[in-house]
Amino acid sequence: MADDTHVLDHPPEGAAADWTIPQDWAHFTPEEHRVWDTLFARQAALLPGRASNAYLRGLDVLKLSKPGIPDFEELSDRLMALTGWQVVAVPGLVPDDVFFDHMANRRFVAGNFIRRADQLDYLQEPDVFHDVFGHVPMLADPVFADYLAAYGRGGQRALGLDALKYLGRLYWYTVEFGLIAEPEGLRIYGSGIVSSFAESRFALDDASPNRIAFDLKRVMRTEYRIDDFQQNYFVIPSFDELLRLTVETDFAPLYEELARLPDVPVATVLPEDQVLTLGTQAYALAQK
Ligand code: PHE
Ligand code: FE
C-alpha cells in the first residue's frame with residue numbers, strides 16, 4: 001500500500017477478478033534468482049542483532065534462506081500451518097479495497113517481479129524481495145499475523161468512513177517502518193527497513209531521525225515521506241501491546257477527532273511525545 005497513482009480500476013489482462021495472477025515460478029530467469037540471492041545474502045548478514053526476534057524466527061521457520069526467489073505455494077504451505085496466512089501474486093499495486101479484502105482473509109499480496117541487478121538499493125514499487133523478504137517473516141508470528149488481518153478489516157471499515165489517510169499512517173509507521181523495544185535493545189521489524197540495506201542501519205544507528213514511543217493518535221496524525229529515509233520512527237513496546245491497542249480501540253470516534261486536529265509534519269516533536277532519541281535531522285537537512 002502506498003500512493004495509488006498508477007493503480008488501474010480493473011484487473012489487468014490475465015489477472016483474476018481478485019487481481020491475483022499465477023506466480024508461475026518457472027518464468028523467473030537465473031539472473032532474477034541471482035538478484036534475490038544477492039539481496040538475501042546482504043540482508044541476512046546485517047539483520048542478526050538488528051531485526052526483531054520475531055522477524056528472525058520467521059526467516060528461519062519459513063526457510064527463506066533457500067536459494068532463489070521463493071515458490072509461493074511452498075511458502076504458503078509453511079505459513080498456513082503456522083498462522084493461516086498465504087502469499088498470492090499480483091502484477092503490481094492493487095486498489096485499496098482489493099488489498100484490504102485479501103488482507104482481512106489472510107492473503108498477503110506480493111508483486112510478481114524482481115528489481116534489476118542495477119537497482120539493488122532503491123526501487124519505488126514494491127517487488128517480490130520487499131514483499132516477501134520484508135513482510136512475510138513477520139506473518140509467521142501469531143500475534144503479528146492477527147494484527148495484519150485485523151488491519152485488513154480496519155481498512156475495509158476506514159474506506160467507508162473516508163479515513164484511509166489516518167489508517168494508512170498506522171500501516172506506514174508499524175508494518176512498513178516500525179521499531180520495537182526488545183529486552184536486548186531497539187530492533188527493527190518494519191518491512192521497508194528490513195528489506196533495505198541502507199535503512200536497516202540508518203533506522204537504528206544514525207543520529208538523524210527521531211525515535212519516539214508509539215502512541216496511536218500521534219502516529220495517525222503524522223505525515224510521512226515515501227521517497228527517502230524516515231525522519232521519525234515510532235517504537236512499540238511489544239507486538240501484544242500493538243495488537244491490544246489497535247484491536248481494542250474503536251477507530252470511528254478517533255477518526256472524527258483526528259479530522260479536527262492538525263497533521264504533524266515529519267520531523268516535528270510534540271511536547272507530549274515520549275522521545276527515545278531526539279534526532280539531529282542532519283541527514284534530512286543535508287538532502288535539501
Ligand atoms: N480497531 C480498528 C477499528 O475500529 C480496526 C483495526 C485493528 C485497525 C487493528 C488496525 C489494526 O477500525
Ligand atoms: Fe511493503
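The values are calculated or read from the model by the stated rules, or taken from the named source; none is laboratory data. Treat the numbers as computed from the prediction; the structure is a model and nothing was measured. Because the Cβ atoms are built from the backbone with ideal geometry, glycine has one as well, and the counts that use them run over all protein chains shown.
Here's the yes/no breakdown for (1) among the small types (Gly, Ala, Ser); (2) free of Cβ contacts under 8 Å to residues at least 60 places away in the same chain; (3) away from ligand 2 (no atom under 16 Å from the Cβ):
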residue	(1), (2), (3)
GLU176	no, yes, no
PRO183	no, yes, yes
ASP206	no, no, yes
ASN210	no, no, yes
ALA213	yes, no, yes
ARG218	no, yes, yes
ARG221	no, yes, yes
ARG225	no, yes, no
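Give, as residue ranges, the helices (runs of 4 or more DSSP H) completely inside the stretch 1-87 that count at least 1 residues that are within 22 Å of the chain's Cα centre (by Cα) and more than 28 Å from TYR147 (Cα to Cα).
Counting at least 1 such residues, we get 30-46.
Would you please name the residue that is farthest from HIS10 (Cα to Cα), looking only at residues in the stretch 79-110 that are crowded, with 17+ Cβ neighbours inside 10 Å and charged (D, E, K, R)?
Applying the filter and picking the extreme gives ARG106.
So the check is Cβ under 6 Å with 6+ separation or different chains; which pairs have a first residue in the stretch 268-288 that's in contact (Cβ under 8 Å) with a residue 24 or more places away in the chain and a second one that's basic (Lys, Arg)?
Qualifying pairs under 6 Å: LEU276/ARG211; THR277/ARG211.
Looking only at the stretch 1-49, which residues are polar (S, T, N, Q) and modelled with pLDDT under 95?
THR5
If we only count helices (runs of 4 or more DSSP H) wholly inside the stretch 234-288, which ones have 1 or more residues that are out of contact with any strand residue (DSSP E or B) (no Cβ under 9 Å at 6 or more places or on another chain), at pLDDT 95 or above and not small (Gly, Ala, Ser)?
It comes to 239-247, 251-259.
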